[in-house]
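Novice: To start, I am sharing the structure in question, which I have written as structure tokens.
Bear in mind these aren't lab numbers, they're just calculated from the coordinates by the rules spelled out. Just so we're clear, the structure is a prediction, and the values are computed from it rather than from any experiment. All Cβ positions, even for glycine, are placed from backbone atoms using ideal geometry, and neighbour counts span all protein chains on display.
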Amino acid sequence: MCLPACLEKMALLSRRQFFTRAANSAVVISSAGFALPAQADSSASPRSIRYSRVVDLTHTLTSDFPTFSGKSQLEMSTVGTLAKDGFNYFRWNIVEHTGTHLDAPLHRSNGVSADRISPEALIGPLVIVDIRQRAGADSDSEVTLEDLKSWESHHGRIASGAIVAMNSGWDAHVRTAKFRSSDDDGHLHFPGFHVEAAEFLLSKRDVVGIAVDTLSLDRGSTKDFPVHTRWLGSNRWGLECIANLAELPPQGATIIVGGPKIASASGGPSRVFALV
């Protein structure tokens, strides 16, 4: 049996051990901010991130959410009810690439599946390239290499480990036919990345992920999906159908991607946040 003084000393040691381990693992959370894990080098200090608000970049997923095929990709059925079974719970029948979702490298290559993406690669500085004015006039607009160079001329070099997002303003159309912009021949028309821009980001800037507020990393009119092929083929990930980029500055926010951790998944619906 431990005397009160003994218990007090043990509690003090436990607190010291907790904070020592927290410092070593470099995961510190507060209302003002948090520190990301240090790299493998044990001498590296945590990289702190301070923020004042959280912006949800995720659309609410419903069975009528627009899809590339035009067909519903989510069905929910009741398995149990509170009145009958003591719990409400449902069965989901869902296509991975539905709503705000992650494209893992496996989606278009033999790269890693969603569950094998490093968690460190799902958190990073967010760069937002605004093409709303051009996209408003031309649904087939793309984020080009010139757009990226223009962004850097105003804001500085895109940081290694960044996630670069296209803001075309398309999230505002998510509940209208314009989100797909299907023509009489069934071809889709919405903005995306140009493959030259993707190539620059992976070979010259070491960007870990790209994101779009439309249905595809490639523009809707593509026939061969060059951005999917090149970007995911480099073992990097993408996000599609993100929302609320207009609430964020061109730089300075940190994005956190809650991607699915399902074995062998090629992607899946994700909860995505930005810290500002």
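Novice: For His189 and Asp224, what does the FRET efficiency come to when R0 = 25 Å and r is the distance between their Cβ atoms, rounded to the nearest 0.05?
Specialist: Details: r = 16 Å, r/R0 = 0.66.
For His189 and Asp224, the calculated efficiency is 0.90.
Novice: Count neighbours as other Cβ atoms within 10 Å of each site's Cβ, and list the trypsin sites (Lys or Arg not before Pro) in region 174-242 that are DSSP loop with at most 11 such neighbours.
Specialist: Working: sites: Arg175, Lys178, Arg180, Lys204, Arg205, Arg219, Lys223, Arg230, Arg236; in loops: Arg175, Arg180, Lys204, Arg205, Arg219, Lys223, Arg236.
Here the sparse-neighbourhood loop sites are Lys223.
Novice: Return the subset of Lys71/Lys178; Lys178/Lys223; Lys178/Lys261; Lys149/Lys204 for which the Cα-Cα distance in this structure is over 21 Å, preserving the input order.
Specialist: Lys178/Lys261
Novice: With label points built 7 Å along Cα→Cβ from the Cα atoms of Thr81 and Glu146, find their separation and express it in nm.
Specialist: A separation of 6.1 nm, rounded to one decimal place.
Novice: Could you please report the charge total around Gly233, scoring K, R as +1 and D, E as -1 over all other residues with beta-carbon less than 14 angstrom from its beta-carbon? Don't jump to the answer; show the numbers that get you there.
Specialist: Values: positive: Arg108, Arg230, Arg236; negative: Asp103, Glu199, Asp218, Asp224.
Residues close to Gly233 contribute a combined charge of -1.
Novice: With the Cα gyration tensor of region 155-276 giving a ≥ b ≥ c as the square roots of its eigenvalues, does the rule (a/c under 1.5 for rounded; else a/b larger than b/c for prolate; else oblate) give rounded, prolate or oblate?
Specialist: Details: a/c = 1.41, a/b = 1.26, b/c = 1.12.
Rounded.
Novice: Is the C-alpha gyration tensor of region 105-184 telling us rounded, prolate or oblate? Criteria: a/c under 1.5 is rounded; beyond that, a/b larger than b/c is prolate, otherwise oblate. Provide the component values of the computation, followed by the final result.
Specialist: Working: a/c = 2.25, a/b = 1.21, b/c = 1.85.
Judged from the Cα gyration tensor, region 105-184 comes out oblate (a/c at least 1.5, b/c at or above a/b).
Novice: Excluding Leu57 itself, what net charge comes from residues whose Cβ is under 10 Å from its Cβ, given Lys and Arg +1 and Asp and Glu -1?
Specialist: Numbers: positive: Arg271; negative: Asp56, Asp171, Asp213, Glu247.
So the surrounding residues net to -3.
Novice: Grab the other residues whose beta carbon is less than 13 angstrom from that of Pro105, score K and R as +1, D and E as -1, and report the net. Don't skip to the answer; put the middle values down first.
Specialist: Details: positive: Arg108, Arg116, Arg230, Arg236; negative: Asp103, Asp115.
Net of charged neighbours comes to +2.
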